[in-house]
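This report concerns only the one structure given below.
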Amino acid sequence: MTQATTIGALRETGYRPRTVKEELRGNLIAALAAKREMFKGIVGYETTVIPQIENAILSGQDIIFLGERGQAKTRIARRLIELLDETVPAIAGCEINDDPFAPICAACKYRVAN
């Protein structure tokens with residue numbers, strides 16, 4: 001699949017911007033449907049913590065990891081990144097990687113308008 005190089009081409013692909021929570025939820029649903037193992041390398045939490053994290057993501061809740069040292073908090077957080085899309089469209093040359101459909105910086109608003 002080729003990537004769109006203009007905003008018009010991006011619109012034609014049917015792309016719709018998603019929040020991080022929507023992206024996590026959608027990709028988790030796809031992973032669960034494909035029966036992919038989530039959180040590889042996390043041992044001992046398969047029936048306790050992992051289902052709670054999945055439920056929190058599916059319901060769109062915020063997640064805070066609390067616990068003693070060595071309880072896989074960082075490892076789990078690093079695994080959550082696997083649920084994000086690899087690429088996200090952004091306006092070329094923008095310092096803050098503005099959303100092509102709703103830019104917030106003045107330079108990108110000008111680029112989109114012209």
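Out of curiosity, is Arg75 among the basic types (Lys, Arg), over 29 Å from Ala102 (Cβ atoms) and outside any loop (DSSP other than H, G, I, E, B)? Steps first, please.
Values: among the basic types (Lys, Arg): yes; over 29 Å from Ala102 (Cβ atoms): yes; outside any loop (DSSP other than H, G, I, E, B): yes.
Here the answer is yes, as Arg75 does meet what is asked.
So how many residues does the stretch 1-42 have that are hydrophobic (A, V, I, L, M, F, W, C), touching a residue at least 24 places away in the same chain (Cβ under 8 Å) and in a loop (DSSP other than H, G, I, E, B)? First the steps, then the outcome.
Narrowing the stretch 1-42 to residues hydrophobic (A, V, I, L, M, F, W, C): 1, 4, 7, 9-10, 20, 24, 28-34, 38-39, 42.
Imposing the further condition that a residue be touching a residue at least 24 places away in the same chain (Cβ under 8 Å) reduces the set to 4, 7, 10, 20, 24, 28-29, 31, 38-39, 42.
After this cut, where a residue has to be in a loop (DSSP other than H, G, I, E, B) as well, the list is 4, 38-39, 42.
The qualifying residues number 4.
Has the stretch 47-65 got any residue that is in contact with a helix residue (DSSP H, G or I) (Cβ under 7 Å, 6 or more places away or on another chain), among the β-branched types (Val, Ile, Thr) and in a loop (DSSP other than H, G, I, E, B)?
yes
Of the conditions (1) at pLDDT 90 or above; (2) surrounded by 12 or more Cβ atoms within 10 Å (Cβ to Cβ), Val88 fails just one. Which one is it?
Condition not satisfied by Val88: (1).
So the check is Cβ under 7 Å with 6+ separation or different chains; which pairs have a first residue in the stretch 87-99 that's more than 19 Å from Thr19 (Cβ to Cβ) and a second one that's modelled with pLDDT under 90 and loosely packed, with under 12 Cβ neighbours inside 10 Å?
Listed pairs, sorted by first residue: none to list.
Which one is surrounded by the fewest Cβ atoms within 10 Å (Cβ to Cβ) among residues in the stretch 43-62 that are touching a residue at least 12 places away in the same chain (Cβ under 8 Å) and under 17 Å from Glu23 (Cβ atoms)?
Across the stretch 43-62, the extreme among qualifying residues is Gly60.
The values are calculated or read from the model by the stated rules, or taken from the named source; none is laboratory data. All values reported here derive from a predicted model rather than from experimental measurement. When we count neighbours, we look across all protein chains shown, and the Cβ atoms used for this are built from the backbone with ideal geometry, even at glycine.
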